[in-house]
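The values are calculated or read from the model by the stated rules, or taken from the named source; none is laboratory data. These numbers come from a predicted model, not from an experiment. Methodologically, a virtual Cβ is constructed for each residue, glycine included, from the backbone with ideal geometry; neighbour enumeration extends over all protein chains shown.
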Amino acid sequence: MTTARVVDLDLTGRTALVTGAGSGIGRSCAERLAAAGADVIAVDLDERTAKEAATAIGGRAIGADLSDLDAVDALPAQVDVLVNNAGLQVVAPLPDFPPDKFTLIQRVMVEAPFRLVKLVLPHMYDRGWGRIVNISSVHGLVASPFKAAYVTAKHGLEGLSKVTALEGAPHGVTSNCVNPAFVRTPLVDKQIADQALANGIPESEVVEKIMLDRAAIKKLIEPEQVAELVAYLCSPPASFITGSSIMIDGGWTAH
């Protein structure tokens with residue numbers, strides 16, 4: 001898919017770190033920031049896909065398990081643009097929700113971003129410029145059944161982003177959330193069987209009846225569309241946008 005690009009985005013001389021960069025939204029963000037001139041560090045649990053993404057854009061790859069907090073703390077700190085994107089999903093009713101999966105999702109999607117923000121802010125403060133973009137979700141602002149851990153984590157990420165915005169403002173650092181509805185990614189594809197089971201419908205009906213039910217625009221979002229919004233938040237016209245949650249949800253939250 002081809003999308004229009006922010007004309008005045010020049011990240012030459014900047015370093016960007018993108019988590020979950022091996023596929024989906026993360027890979028599109030890595031590609032877009034590299035196209036703007038950034039030196040991109042592609043971080044992914046799957047080192048093979050991280051290397052594939054990095055090779056394609058002339059960046060650097062790091063295989064890292066973000067549930068291993070020591071591994072998170074060991075990631076590069078000299079970063080000008082941080083995209084907290086890595087995530088996972090478990091779909092199950094609350095009485096059946098695996099407690100270990102709940103804990104894992106909070107660690108990867110809340111504590112790891114916190115530690116990364118803490119890690120990179122001193123460099124951003126020293127340079128007087130930084131951009132933190134947290135890939136949240138429509139579920140950072142509203143809820144759906146059977147997603148207790150994911151909804152909880154995205155709400156937590158929203159709070160972290162706002163605090164970061166307030167503390168970073170005097171230092172030239174902005175922090176925002178991008179809130180897509182369902183995006184055409186492997187993470188979404190993997191949900192289909194669990195959604196069918198939890199909702200008691202055939203897998204063939206999940207996209208239409210569950211994923212697109214609340215959206216006014218009945219299409220899955222493309223990863224490149226999310227990446228372009230991420231890029232805009234790094235551009236000069238977006239310098240006054242901070243502490244915001246920007247919906248890209250096809251009208252979901254207009255109800």
**OP:** Keeping to region 114-141, report how many residues are touching a residue at least 60 places away in the same chain (Cβ under 8 Å) and crowded, with 20+ Cβ neighbours inside 10 Å.
**Re:** 8
**OP:** State yes or no: is VAL188 touching a strand residue (DSSP E or B) at 6+ places or on another chain (Cβ under 6 Å), within 28 Å of GLY159 (Cβ to Cβ) and not hydroxyl-bearing (Ser, Thr, Tyr)?
**Re:** no
**OP:** Give the residue that is modelled with the lowest pLDDT, with candidates limited to residues of region 71-95 that are polar (S, T, N, Q) and either assigned to a loop (DSSP other than H, G, I, E, B) or more than 30 Å from LEU197 (Cβ to Cβ) (or both).
**Re:** GLN89
Subject >> Pairs with Cβ under 7 Å, 6+ apart, first in region 238-249 and under 14 Å from THR174 (Cα atoms), second surrounded by fewer than 17 Cβ atoms within 10 Å (Cβ to Cβ) and hydrophobic (A, V, I, L, M, F, W, C) >> reply: THR242/ALA169; GLY243/LEU166
**OP:** Mind listing just one residue for me: the one in region 12-44 that is crowded, with 21+ Cβ neighbours inside 10 Å and at positive phi and, of those, farthest from the chain's Cα centre (by Cα)?
**Re:** GLY24
Subject >> Only listed residue being in contact with a helix residue (DSSP H, G or I) (Cβ under 6 Å, 6 or more places away or on another chain), surrounded by 18 or more Cβ atoms within 10 Å (Cβ to Cβ), modelled with pLDDT of 95 or more and under 18 Å from ALA86 (Cα atoms), chosen from VAL151, VAL173 >> reply: VAL151
Subject >> Residue tally, condition more than 25 Å from VAL206 (Cβ to Cβ), out of contact with any Pro (no Cβ under 9 Å at 6 or more places or on another chain) and of a type in the set (A, V, I, L, M, F, W, C), over region 73-100 >> reply: 5
Subject >> Out of SER175, SER161, sole residue that is out of contact with any Phe, Trp or Tyr (no Cβ under 9 Å at 6 or more places or on another chain), touching a residue at least 24 places away in the same chain (Cβ under 8 Å), closer than 25 Å to ARG127 by Cα and assigned to a helix (DSSP H, G or I) >> reply: SER161
**OP:** Scan ALA231, ALA196 and give me the residue that is surrounded by 19 or more Cβ atoms within 10 Å (Cβ to Cβ) and in contact with a helix residue (DSSP H, G or I) (Cβ under 6 Å, 6 or more places away or on another chain).
**Re:** ALA231
**OP:** Give the residues of region 45-70 that are part of a helix (DSSP H, G or I) and either of a type in the set (D, E, K, R) or farther than 14 Å from THR19 by Cβ (or both), sorted by residue number.
**Re:** GLU47, ARG48, LYS51, GLU52, THR55, ALA56, ILE57, ASP70
